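J.: Structure provided below as structure tokens; questions to follow.
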Amino acid sequence: MSAWVLPDHIADVLPSEARHIEELRRGLLDTARCYGYELVMPPLLEHLESLLTGTGEALDLQTFKLVDQLSGRSMGLRADTTPQVARIDAHLLNRKGVTRLCYCGPVLHTRPDRPHATREPLQFGAEIYGHAGLEADLEALQLARECLRVAEVRDTTIDLADVRIVRRLLAGVAVDAPLLSRIHAALAAKDASELASLTRDFPTASREGLLALLQLYGDESVLAEADKTLKHIAGVSEVLSHLKWLASRLDGAVVTFDLADLRGYAYYSGTRFAIYGKGASDALVRGGRYDEVGAVFGRNRPAAGFSLDIKQLVSVVSPRALKAAIRAPWGEASDVNAAIAELRRQGETVVCVLPGHGSEVDEFHCDRELVQIAGQWVVQAV
């Protein structure tokens, strides 16, 4: 095998894509800051018990594991940043009021989480802690929409669901973790025969309710149909009213509902959302409410938020225009170097052409050049 061949689903990022990713990263962080979110930078590597506590089997299977050569303890490379941010909120900040935190950094997956995906996403996310009301869910959705607008994603659709519906249907039913995982998979795949087989010994109300969820997807009329079908299940009507409240406040958005969608990590505890965009084969943003994510750190605080992969965003939007630049001659004379330095102080990109070489820059559009006219260095159009 060639020494320069990278592992499957791992790739170098070349100049054009790297520039786009970095510009977008800055734009998303600035957008979150405008909403009052503070930036945190959790470590890529943590003790395994801290990294995975309470996150469920799905995240465990996605996590690379290794042994610390200093302590001999098991460590993991994070596959998701949300549990780390919950730890920061619970232990390091330990504030009493509302806390808004955002982050952006690489995560590593043992397997790609969707076809053709990288195993090294650049995850951006925002979390709001300390408010149990729907206002926090709405803010997370609004910020997620604004981030996609900044990324220039067009024709978005928001899909809403709520994990509490399935929890209500399973209340009082003895279900172990492996069976629950298979039920979630059957719901996500809309596999009626598999779901019927898995729930054959369940109480009639639970079994019929779960099977009904497979048909409960579409526009807002789904909520009325669900309320009629599941009205005998305690708490479901309230959950449906929450979904309706959120949808009614997403001005100008195309909103759909899929009450069987439980994809993602196990720490979600309430409303969930996924946002799709034109040209994307999977959701560009996933988020929702995860009030229980901090419980394992000794502080069970309300929490809502979302995350996205900036690399995925860049793959589905148009490339950005090249940055305008000035071509300048290389020289040792103080006057030309002073002119170049002043242009750079003004924020201009100046590319010096080294002796014997033409300009071999792909990422800048040199639409001007620095030339000497009548003893003065001036910039003129190419």
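The values are calculated or read from the model by the stated rules, or taken from the named source; none is laboratory data. In this text the structure is predicted, and so the values were computed from the model without any measurement. Cβ coordinates were reconstructed from backbone atoms using ideal geometry, including for glycine residues, and neighbour counts include every protein chain displayed. Just the protein is used for accessible areas: all its heavy atoms, side chains included, with ligands, DNA and RNA removed. Shrake-Rupley method; radii C 1.70, N 1.55, O 1.52, S 1.80 Å.
J.: On the basis of being assigned to a helix (DSSP H, G or I) and either among the β-branched types (Val, Ile, Thr) or touching a Gly at 6+ places or on another chain (Cβ under 9 Å) (or both), does His242 make the cut?
T.: On the way: assigned to a helix (DSSP H, G or I): yes; either among the β-branched types (Val, Ile, Thr) or touching a Gly at 6+ places or on another chain (Cβ under 9 Å) (or both): yes.
Yes, satisfied.
J.: Do you know which of the residues in the range 187-234 that are over 28 Å from Thr157 (Cβ atoms) and among the acidic types (Asp, Glu) is modelled with the highest pLDDT?
T.: Glu208
J.: Next up: So, in the range 262-277, how many residues would count as being at pLDDT below 85 and of a type in the set (D, E, K, R)?
T.: So the count comes out to 1.
J.: Which numbered condition trips up Thr63, out of (1) out of contact with any helix residue (DSSP H, G or I) (no Cβ under 7 Å at 6 or more places or on another chain); (2) closer than 30 Å to Pro178 by Cα; (3) not hydrophobic (A, V, I, L, M, F, W, C)?
T.: Condition not satisfied by Thr63: (1).
J.: Right, here's the next one. Just one of Ala205, Ala247, Ala224 is in contact with a strand residue (DSSP E or B) (Cβ under 7 Å, 6 or more places away or on another chain), open to solvent by 10 Å² or more (accessible area, probe 1.4 Å) and not in a loop (DSSP other than H, G, I, E, B); which is it?
T.: Of the residues listed, the single one that is in contact with a strand residue (DSSP E or B) (Cβ under 7 Å, 6 or more places away or on another chain), open to solvent by 10 Å² or more (accessible area, probe 1.4 Å) and not in a loop (DSSP other than H, G, I, E, B) is Ala247.
J.: Are any of the residues in the range 331-341 in contact with a helix residue (DSSP H, G or I) (Cβ under 9 Å, 6 or more places away or on another chain) and among the β-branched types (Val, Ile, Thr)? First the steps, then the outcome.
T.: From the range 331-341, those in contact with a helix residue (DSSP H, G or I) (Cβ under 9 Å, 6 or more places away or on another chain) are 331; that's our starting set.
Next cut, among the β-branched types (Val, Ile, Thr) only: none.
No: the range 331-341 contains no residue that is in contact with a helix residue (DSSP H, G or I) (Cβ under 9 Å, 6 or more places away or on another chain) and among the β-branched types (Val, Ile, Thr).
J.: Inside the range 1-81, counting only strands (runs of 3 or more DSSP E) that do not spill past its ends, which hold 1 or more residues that are of a type in the set (Gly, Ala, Ser) and in contact (Cβ under 8 Å) with a residue 24 or more places away in the chain?
T.: Working: elements: 45-47, 64-67, 74-77.
Because the criterion is at least 1 residues that are of a type in the set (Gly, Ala, Ser) and in contact (Cβ under 8 Å) with a residue 24 or more places away in the chain, the strands (runs of 3 or more DSSP E) in the range 1-81 that meet it are 74-77.
J.: Look at Gln84 and say whether it is within 26 Å of Asp30 (Cα to Cα), surrounded by 14 or more Cβ atoms within 10 Å (Cβ to Cβ), touching a residue at least 12 places away in the same chain (Cβ under 8 Å) and in contact with a strand residue (DSSP E or B) (Cβ under 6 Å, 6 or more places away or on another chain). Full working, then the answer.
T.: Details: within 26 Å of Asp30 (Cα to Cα): yes; surrounded by 14 or more Cβ atoms within 10 Å (Cβ to Cβ): yes; touching a residue at least 12 places away in the same chain (Cβ under 8 Å): yes; in contact with a strand residue (DSSP E or B) (Cβ under 6 Å, 6 or more places away or on another chain): no.
For Gln84, the condition - within 26 Å of Asp30 (Cα to Cα), surrounded by 14 or more Cβ atoms within 10 Å (Cβ to Cβ), touching a residue at least 12 places away in the same chain (Cβ under 8 Å) and in contact with a strand residue (DSSP E or B) (Cβ under 6 Å, 6 or more places away or on another chain) - is not met.
J.: Something else about it: Among the residues of the range 350-357, are any within 30 Å of Glu152 (Cβ to Cβ) and of a type outside the set (Gly, Ala, Ser)?
T.: First, pick out the residues of the range 350-357 that are within 30 Å of Glu152 (Cβ to Cβ): 350-351.
Now narrow it down to the ones that are of a type outside the set (Gly, Ala, Ser): 350-351.
Within the range 350-357, one or more residues are within 30 Å of Glu152 (Cβ to Cβ) and of a type outside the set (Gly, Ala, Ser).
Table: residues versus (1) assigned by the TED database to the domain that holds Trp245; (2) closer than 30 Å to Val222 by Cα; (3) among the β-branched types (Val, Ile, Thr); (4) open to solvent by less than 10 Å² (accessible area, probe 1.4 Å).
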| position | (1), (2), (3), (4) |
| --- | --- |
| Gly97 | no, no, no, no |
| Cys102 | no, no, no, yes |
| Thr110 | no, no, yes, no |
| Asp113 | no, yes, no, no |
| Phe124 | no, no, no, yes |
| Ala136 | no, yes, no, yes |
| Gln142 | no, yes, no, no |
| Cys147 | no, yes, no, yes |
